[in-house]
Amino acid sequence: DMKNAVIGNNKQKANLIVLGAVPRLLYLLQQETSSTELRTECAVVLGSLAMGTENNVKSLLDCHIIPALLQGLLSPDMKFIEACLRCLRTIFISPVTPEDLLYTDATVISHLMALLSRSRYTQEYICQIFSHCCKGPDHQTILFNHGAVQNIAHLLISTSYKVRMQALKCFSVLAFENPQVSMTLVNVSVDGELLPQIFVKMLQRDKPIEMQLTAAKCLTSMCRAGAIRTDDSCIVLKTLPCLVRMCSKERLLEERVEGAETLAYLIETDVELQRIASITDHLIVMLADYFKYPSSVSAITDIKRLDHDLKHAHELRQAAFKLYASLGANDEDIRKKIIETENMMDRIVNGLSESSIKVRLAAVRCLHSLSRSVQQLRTSFQDHAVWKPLMKVLQNAPNEILVVASSTLCNLLLEFSPSKEPILESGAIELLCSLTQSENLALRVNGIWALMNMAFQAEQKIKSDILRGLSTEQLFQLLSDSDVNVLMKTLGLLRNLLSTRPHIDHIMSTHGKQIMQAVTLILEGEHNVEVKEQTLCILANIADGTTAKELIMTNDDILQKIKYYMSHSNAKLQLAAMFCISNLIWNEEEGSQERQDKLRDMGIVDILHKLSQSSDPNLCDKAKTALQQYLA
């Protein structure tokens with residue numbers, strides 16, 4: 001009677017729960033003395049209650065329904081086991097159920113694997129439980145180690161569509177971003193046919209959309225993990241076109257979102273796939289529809305559907321931005337096509353200020369991808385003053401948005417970008433200096449990188465503002481950062497600050513002592529060749545100053561280091577050290593005679609003679625030019 005009362009009636013379900021039926025049903029379910037028929041009916045009623053609202057599921061979880069049902073799986077009776085599994089399935093697919101409840105007892109997974117062979121219902125429900133509870137690499141590993149691949153593979157050719165579909169879903173979550181699973185799947189065969197071939201058959205147009213999409217996801221994960229080559233025909237001729245088809249406006253909103261997101265992931269790192277996708281079925285124009293109307297005209301007859309789609313329209317926008325970002329990641333012509341799509345820049349600018357964080361992140365990603373184009377930085381980005389909303393996004397965004405937004409800002413600050421001036425005026429230096437103090441490595445790199453771009457060929461005021469904003473302490477902090485990227489960009493910043501004579505002299509007159517300390521610190525440290533070369537280039541710039549030269553000439557320690565690097569085993573470092581010497585001994589400049597004498601006494605001329613015999617033409621030329629300064 002209870003069962004009949006609650007089926008399809010949420011009000012009755014809630015009433016029964018309030019009246020305390022759940023503990024009583026669970027008690028009867030667990031009693032050894034209850035007949036199997038009674039225990040099965042209890043499981044069915046509980047399953048029906050779980051089909052109701054999320055609050056119902058919460059009430060069931062609070063009564064510890066999961067351990068009771070898992071215990072029920074040990075019964076010899078198949079009907080009862082299936083009823084328990086059906087109820088477990090319903091509970092686990094609810095968003096309020098923590099997935100970890102499946103993994104608390106290690107024996108549960110192996111028992112479920114054993115039940116997989118019992119009936120088509122156990123197969124369907126268990127696969128569904130696995131695919132919903134497999135979140136992240138830890139879960140994937142547990143299932144993989146319990147033989148999920150071998151146990152589930154043969155279900156892909158089951159006579160039941162539901163079983164095939166749930167098995168396929170299992171593989172799509174097991175393989176996602178998991179090279180170990182992906183590499184295994186390539187070599188598994190069922191009934192003499194390899195899994196990739198089975199997946200390709202499931203992609204065909206006559207198969208249900210859900211199956212096509214899920215099979216495409218499996219092949220995409222395998223491709224991204226390196227288990228299938230990007231130029232394999234099953235990717236180029238089957239998977240990619242199938243995903244493009246999912247983006248057409250005939251498809252339902254969820255299908256269009258999933259299709260675009262999966263395609264974005266498939267082509268993200270491969271230029272050739274980006275090119276192929278961009279010319280398949282007018283994809284770039286087709287994506288513009290993602291911003292227009294969520295529902296296809298044919299679906300509007302269903303008012304519930306329309307309401308649902310309007311609420312979820314933002315998901316379409318973020319999927320389109322993601323796919324545009326992947327499409328434009330490398331190819332200049334594709335970027336041009338994307339930007340020329342109707343109102344594209346306006347859409348991105350609007351996306352940057354949407355309330356949904358997913359849309360904002362995707363819009364910033366799209367902008368970042370397009371900002372790799374010199375041509376676009378000079379034109380579209382300027383016409384639409386993209387830097388304004390970008391600076392706004394940078395004010396108080398979460399880290400994942402900050403990382404992409406600050407990378408984009410780096411590109412907008414390149415010397416040929418017209419946005420550079422207005423960005424400076426809107427307080428960028430302060431913002432970027434604060435990024436260099438972030439705990440997050442990517443943000444530190446981007447902050448210092450953007451300052452480096454900003455300092456390139458900049459006027460003296462900007463350079464002084466950067467040094468003031470950073471503070472000497474922070475500069476030293478960055479120069480002793482454990483990450484070589486941060487170190488290289490900081491040296492790049494110093495090199496850009498110390499360019500053109502008046503600037504070099506001005507900066508060295510105010511910060512000379514600290515900069516020389518920093519240079520010494522790095523030349524003495526354990527660093528790679530690139531770092532040392534960049535540091536010697538900074539010294540060469542200082543040696544090019546008029547008054548700044550003296551800071552090197554009066555520092556015997558630094559002079560000895562330059563001498564040491566002139567005879568180093570690495571030609572790049574020798575060359576960089578020679579630049580320093582050349583700038584110090586150049587004849588036309590005041591005091592060159594005294595400098596030449598001092599360096600001769602140190603034995604520099606002898607080294608120059610030796611280097612003028614070098615087999616390396618660059619070193620040889622540089623040494624001869626330097627020796628001429630002595631003769632002139």
Segment 206-240: number of residues that are free of Cβ contacts under 8 Å to residues at least 40 places away in the same chain, closer than 15 Å to GLU272 by Cα and surrounded by fewer than 18 Cβ atoms within 10 Å (Cβ to Cβ): 4
task: Would you check if there is a residue in segment 449-464 being within 19 Å of ILE401 (Cα to Cα) and among the β-branched types (Val, Ile, Thr)?
output: no
- request: Identify the residue in segment 51-84 that is part of a helix (DSSP H, G or I), among the aliphatic types (A, V, I, L, M) and under 37 Å from the mean Cα position of the chain (by Cα) and, among all such residues, is farthest from LYS11 (Cα to Cα).
  value: ILE66
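Could you tell me which of the residues ILE357, ILE348 is crowded, with 18+ Cβ neighbours inside 10 Å and touching a residue at least 12 places away in the same chain (Cβ under 8 Å)? Working first, answer last.
Numbers: ILE357 fails: crowded, with 18+ Cβ neighbours inside 10 Å.
Answer to the check: ILE348.
If you check GLN318, GLN212, which single one turns out to be polar (S, T, N, Q) and over 24 Å from the mean Cα position of the chain (by Cα)?
Values: GLN318 fails: over 24 Å from the mean Cα position of the chain (by Cα).
Of the residues listed, the single one that is polar (S, T, N, Q) and over 24 Å from the mean Cα position of the chain (by Cα) is GLN212.
Restricting to segment 415-431, name every residue that is outside any helix (DSSP H, G or I) and at pLDDT 80 or above.
Our first condition is that a residue be outside any helix (DSSP H, G or I); within segment 415-431, this holds for 415-419, 426-427.
Result: SER426, GLY427.
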Filtered residue count, segment 253-292, keeping only those that are out of contact with any helix residue (DSSP H, G or I) (no Cβ under 7 Å at 6 or more places or on another chain) and of a type in the set (A, V, I, L, M): 5
- prompt: SER110 passes all but one of (1) farther than 20 Å from LEU69 by Cα; (2) of a type outside the set (A, V, I, L, M, F, W, C); (3) open to solvent by 20 Å² or more (accessible area, probe 1.4 Å); which number fails?
  reply: (1)
- prompt: If we keep just the residues of segment 8-67 that are closer than 23 Å to LYS79 by Cβ and of a type in the set (Ser, Thr, Tyr), which is surrounded by the fewest Cβ atoms within 10 Å (Cβ to Cβ)?
  reply: THR33
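Does segment 318-329 include one or more residues that are open to solvent by 80 Å² or more (accessible area, probe 1.4 Å) and either at negative phi or free of Cβ contacts under 8 Å to residues at least 12 places away in the same chain (or both)? If you could, list the steps in order and put the result at the bottom.
Here is the first cut: in segment 318-329, the residues open to solvent by 80 Å² or more (accessible area, probe 1.4 Å) are none.
No, segment 318-329 contains no residue that is open to solvent by 80 Å² or more (accessible area, probe 1.4 Å) and either at negative phi or free of Cβ contacts under 8 Å to residues at least 12 places away in the same chain (or both).
Could you go through segment 330-340 and let me know if any residue there is within 15 Å of TYR290 (Cβ to Cβ), open to solvent by 10 Å² or more (accessible area, probe 1.4 Å), free of Cβ contacts under 8 Å to residues at least 60 places away in the same chain and β-branched (Val, Ile, Thr).
Within segment 330-340, the first condition is being within 15 Å of TYR290 (Cβ to Cβ), and the residues that meet it are 338.
Subsequent filtering for residues that are open to solvent by 10 Å² or more (accessible area, probe 1.4 Å) retains none.
No, segment 330-340 contains no residue that is within 15 Å of TYR290 (Cβ to Cβ), open to solvent by 10 Å² or more (accessible area, probe 1.4 Å), free of Cβ contacts under 8 Å to residues at least 60 places away in the same chain and β-branched (Val, Ile, Thr).
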- request: Select from segment 258-272 the residues that are touching a Leu at 6+ places or on another chain (Cβ under 7 Å) and not β-branched (Val, Ile, Thr) and write down the one among them that is farthest from ASN330 (Cα to Cα).
  value: GLU258
- request: Answer yes or no: is there a residue in segment 538-552 that is farther than 22 Å from PHE456 by Cβ and free of Cβ contacts under 8 Å to residues at least 24 places away in the same chain.
  value: yes
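The values are calculated or read from the model by the stated rules, or taken from the named source; none is laboratory data. Predicted model, so just to flag it, every value in this text is computed and none were measured. Because the Cβ atoms are built from the backbone with ideal geometry, glycine has one as well, and the counts that use them run over all protein chains shown. Surface accessibility is based on the protein's heavy atoms, side chains included, excluding ligands, DNA and RNA. Shrake-Rupley method; radii C 1.70, N 1.55, O 1.52, S 1.80 Å.
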